[in-house]
Amino acid sequence: MNVDPFNATTHPAAADVLVRRIIEFTRLTRDNGFRAGIEEELDALRVAQHCGLLEQGSLRPGLRTLLCADRQEWQRFDALYETYWYGTNRASQVKASRSARLGRQDALGDQSGGGRVMETDRPQTGTAGENDAGAARSGASHRQVSGKADFRFLTDAQQLREMENLVERLARRMRRQLCRRQRLSHTGRRIHIRHSIRNSLRYGGTPLELVFRQRRRQLPRLVLLLDVSRSMSLYSYLFLRFARGIIGAFGDAEAFVFHTRLVSVTEALRERDIHRMKQKLVVLSAGWSGGTRIGECLAQFNRQHAGRMQQARTVVMIMSDGFDTGTPAFLATQLEHIKKRARRLVWLNPLLGREGYEPLAGGMQAALPWIDVFAPAHNLESLQALEARLMN
Amino acid sequence: MTGEPEIHKRLEQAGYIADRDLAIALMLLSRLQRPLLVEGDAGVGKTEIAKALSKVFDCPLIRLQCYEGLDANSSVYEWNYQHQLLSIKIRETEGNPAGEQERHIFSEKYLLKRPLLQAITMPEPPVLLVDEIDRADEEFEAYLLEVLSDFQISIPELGTIRASSIPRVILTSNGTRDLSDALRRRCLYYYLDYPTFDKELRIVNRHLPDISRQLSAQIVEFVQGLREMDLRKKPGIAETLDWAAALVRLDISRLDNDPQQIADSLVCLLKTREDRNALTDDVVERLVANLG
């Protein structure tokens with residue numbers, strides 16, 4: 001029990017092999033996308049020492065708690081661990097790597113069994129890191145190209161994916177900039193005592209120079225209503241990604257989609273894993289891309305959700321082209337209700353970016369009096385311009 | 001230095017039923033002197049870990065509750081302005097030079113220690129709980145990371161204060177925001193899932209010693225069934241305990257005797273209107289009928 005497996009004087013060969021194997025395993029996790037660096041390699045050895053290698057089943061939880069950094073890794077860890085230490089046939093899930101190989105010329109290493117990770121699905125060119133950097137670079141250059149391009153002209157899948165990522169990132173950045181803008185203002189109503197005292201020292205303690213503190217302005221609470229009817233199908237998925245970014249960045253934002261009825265997608269968009277998010281959306285999306293009954297859906301929103309909105313903070317954002325199968329008057333009544341409950345009502349219409357478009361559709365005409373901001377949302381630039389309009 | 005079996009035993013004694021994995025994570029937290037990031041849904045007992053840990057090591061618990069807009073003044077230190085102003089007034093007549101005056105009012109006497117500073121200046125290592133780190137701003141997260149890796153805090157007026165003891169740090173997160181990679185790397189990690197049937201049963205029996213074994217088993221099975229459903233807010237352990245306590249109060253001995261009363265007491269478990277609506281009478285009956 002009290003045998004120290006690392007004690008090189010009693011078991012020189014075994015100690016050496018163990019150290020190699022543990023470091024090799026740490027590198028394997030790194031090559032599988034875990035955040036394990038040199039420091040973790042050293043700590044992995046310490047973990048092994050503290051957990052007592054010879055004690056059944058305590059190395060695994062120890063290494064897991066050290067090497068994992070989020071839930072996904074936590075769930076993938078067992079597969080990696082088993083593949084490496086027991087040679088379970090799960091090679092397809094594990095990305096093997098050349099850098100993990102420390103060479104095992106010693107016989108003990110080969111006898112130890114397991115760990116023979118197949119070299120499968122390994123990219124032929126460059127490492128994962130290089131690929132990422134490449135993607136980031138091309139993303140940046142695309143941003144310049146496609147800032148003005150209408151989303152509906154994005155046809156090839158690669159471009160579309162990039163645009164989705166950009167749109168989501170834009171939403172996240174919006175929050176940071178809203179925060180920063182608050183701090184830069186110079187006038188205020190409350191005295192910043194700490195700075196005032198500091199300044200008073202040069203006058204022997206008399207507070208001559210006062211410093212003011214800006215009252216922190218609250219960030220808006222965003223409520224997004226996305227039209228997913230057929231007429232919007234070219235835009236709706238991008239808007240969903242935009243909504244996902246907003247939900248991720250603003251902790252209390254909510255998102256709904258509507259066509260003939262209203263469905264809350266806040267929870268689905270909060271899903272960190274993009275594929276699981278898509279699955280959840282598919283479940284929710286029965287009947288999407290059909291006709292639109294904007295008025296009915298907004299009425300449903302008013303009945304079920306609007307009661308929770310705080311008037312002073314809420315900004316309601318509707319993303320729709322305004323093509324409605326209901327009566328314009330009904331839509332107008334519902335918008336009036338929303339307007340009463342919200343600080344600001346924003347309507348984003350992707351058609352507004354097209355040349356020669358006038359909001360003549362019946363629904364749109366009726367809606368205009370209740371809308372604070374009526375803006376286009378057909379390309380990145382127009383989404384970017386939004387941020388300034390949300391605060392003031 | 002305490003080993004894993006010892007920690008496990010003491011956690012039990014402190015009233016916290018833990019898996020062996022968690023005991024190992026806590027042992028490493030103390031030996032590697034790295035913070036432990038605990039993630040999991042609300043109500044699975046993340047905060048309780050820190051409380052139990054302070055009992056295990058018999059040391060004080062210092063808690064820093066994060067919120068949006070949390071800044072250094074409320075988390076690290078603040079000067080006691082009122083006292084400083086008074087002191088300036090009192091010493092006015094003594095005619096001290098300005099430099100002397102400054103040294104006086106920016107001495108430790110006027111320093112108010114907030115949780116982070118408090119934690120690193122204790123004579124014995126305390127448990128520092130940074131609760132809901134995901135609610136704090138990115139800037140604060142970066143600052144916290146710096147404190148947690150260097151264990152020193154610099155105060156412009158006083159100089160650098162080094163840790164007299166390295167606190168045992170537990171961070172919790174609900175995942176309302178992505179945490180930075182740097183912070184994740186710095187920390188050990190533990191994902192706390194909803195408890196298994198056996199574990200939850202032990203928790204209920206432990207907290208409500210008077211409950212009949214049959215009722216507690218039924219309660220736990222019912223709640224576990226509920227978690228399988230697609231609810232907006234799944235009931236956590238605290239909810240299970242509330243519900244169990246309520247049923248004991250209501251003198252209910254078996255869940256399958258009176259489904260109506262069960263349905264009425266579900267307010268303890270379901271905290272949103274959608275969830276309450278989703279759990280219609282037939283669903284409750286079906287769940288109860290499946291109980292052993």
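The values are calculated or read from the model by the stated rules, or taken from the named source; none is laboratory data. All values derive from a computational prediction rather than experimental measurement. Glycine gets a Cβ as well: all are built from the backbone with ideal geometry, and neighbour counts include every protein chain shown. Surface areas here come from the heavy atoms of the whole protein model, side chains and all, with no ligands, DNA or RNA. Shrake-Rupley method; radii C 1.70, N 1.55, O 1.52, S 1.80 Å.
Taking the stretch B:25-39 on its own, how many of its residues are of a type in the set (A, V, I, L, M, F, W, C), touching a Lys or Arg at 6+ places or on another chain (Cβ under 9 Å) and under 16 Å from B:Glu4 (Cβ atoms)? Full working, then the answer.
Within the stretch B:25-39, the subset of a type in the set (A, V, I, L, M, F, W, C) is B:25-29, B:32, B:36-38.
Subsequent filtering for residues that are touching a Lys or Arg at 6+ places or on another chain (Cβ under 9 Å) retains B:25-26, B:28-29, B:32, B:36-38.
Right, trim to under 16 Å from B:Glu4 (Cβ atoms) and you get B:25-26, B:28-29, B:32, B:36.
So the count comes out to 6.
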Worksheet item: Restricting attention to the stretch B:228-251, which residues are over 19 Å from B:Asn205 (Cβ atoms) and open to solvent by less than 60 Å² (accessible area, probe 1.4 Å)?
Response: B:Met229, B:Leu231
Discussion item. Pairs please, first residue from the stretch B:135-152 and small (Gly, Ala, Ser), second anywhere and modelled with pLDDT of 90 or more and open to solvent by 60 Å² or more (accessible area, probe 1.4 Å), Cβ atoms under 8 Å, 6+ apart in sequence or on different chains.
Written reply: none
Practice prompt. Mind counting the residues in the stretch A:32-53 that are more than 7 Å from chain B (Cβ to nearest Cβ), farther than 24 Å from A:Gln75 by Cβ and of a type outside the set (Gly, Ala, Ser)?
Written response: 5
Worksheet item: For the stretch B:30-138, list the strands (runs of 3 or more DSSP E) that sit wholly inside it and hold at least 1 residues that are within 12 Å of chain A (Cβ to nearest Cβ), among the β-branched types (Val, Ile, Thr) and open to solvent by less than 60 Å² (accessible area, probe 1.4 Å); which are they?
Response: B:36-39
Worksheet item: Looking only at residues in the stretch B:151-195 that are open to solvent by 50 Å² or more (accessible area, probe 1.4 Å) and under 21 Å from B:Leu61 (Cα atoms), which one is nearest to the other protein chains (Cβ to nearest Cβ)?
Response: B:Asn174
Worksheet, complete the sentence: Flagged in the stretch B:239-280 as touching a Gly at 6+ places or on another chain (Cβ under 9 Å) and at pLDDT below 90, in numbering order, are none
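Please tell me if B:Leu201 is in contact with a Cys (Cβ under 9 Å, 6 or more places away or on another chain) and either assigned by TED's automatic domain parsing to the domain that holds B:Pro35 or not in a strand (DSSP E or B) (or both). Give the steps one after another, and end with the answer.
Values: in contact with a Cys (Cβ under 9 Å, 6 or more places away or on another chain): no; either assigned by TED's automatic domain parsing to the domain that holds B:Pro35 or not in a strand (DSSP E or B) (or both): yes.
Spelling it out, it is not the case that B:Leu201 is in contact with a Cys (Cβ under 9 Å, 6 or more places away or on another chain) and either assigned by TED's automatic domain parsing to the domain that holds B:Pro35 or not in a strand (DSSP E or B) (or both).
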Practice prompt. Tell me which residues, restricted to the stretch B:42-60, are under 15 Å from B:Ala238 (Cβ atoms) and basic (Lys, Arg).
Written response: B:Lys46, B:Lys51
Practice prompt. Give me a count of the residues in the stretch B:1-58 that are in contact (Cβ under 8 Å) with a residue 40 or more places away in the chain and touching a Cys at 6+ places or on another chain (Cβ under 7 Å).
Written response: 4
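Regarding the stretch B:9-22, can at least one residue be identified that is within 12 Å of chain A (Cβ to nearest Cβ), acidic (Asp, Glu) and not in a loop (DSSP other than H, G, I, E, B)? Step through it out loud before you land on a result.
So in the stretch B:9-22, the residues within 12 Å of chain A (Cβ to nearest Cβ) come out as B:18-22.
Next cut, acidic (Asp, Glu) only: B:19, B:21.
Of the ones still in play, those that are also not in a loop (DSSP other than H, G, I, E, B) are B:21.
The answer is yes; a qualifying residue exists.
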Discussion item. Residue under question is A:Arg354, and the condition is that it be modelled with pLDDT under 80 and either crowded, with 21+ Cβ neighbours inside 10 Å or not small (Gly, Ala, Ser) (or both); does it hold?
Written reply: yes
Item to complete: Name, by its number, the condition in (1) within 30 Å of B:Leu231 (Cβ to Cβ); (2) crowded, with 21+ Cβ neighbours inside 10 Å that does not hold for A:Gly322.
Response: (1)
